[in-house]
Amino acid sequence: MKDQALEWATFADKVVRIAGKKIIEIRRESRIEVAYKNAGEPVTSADLASDQIIREAIASSYPKHGILSEETTDGVWAKNIFEGPL
């Protein structure tokens with residue numbers, strides 16, 4: 001389990017650094033556009049670009065893993081993962 005957690009942490013570190021570079025690139029080029037979600041919350045083009053990078057990396061490397069993202073509105077089902085009483 002520790003090896004798997006380390007693998008995931010290493011993967012996450014690599015991917016968020018790539019996504020962060022994209023955000024910096026968009027900001028440097030003054031290409032940030034702002035849109036609004038259904039609830040009226042702003043979402044920038046940099047948010048969406050980094051979200052796409054992260055989602056694609058996870059889907060490619062861990063296709064069985066689900067993704068819950070603030071930037072996208074894909075449906076997510078959650079179930080109780082605990083067995084027995086708490």
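No value in this document is a laboratory result; all are computed from the given coordinates. Everything numeric here is computed off the predicted structure, so don't read it as measured data.
In percent, how large is the relative contact order of the stretch 1-77, given Cα pairs closer than 8 Å and 6 or more residues apart?
Details: 50 pairs, mean separation 19.0, N = 77.
25 percent.
At full extension, Thr72 and Met1 could sit 22.6 nm farther apart than now, given 0.36 nm per residue minus the alpha carbon distance.
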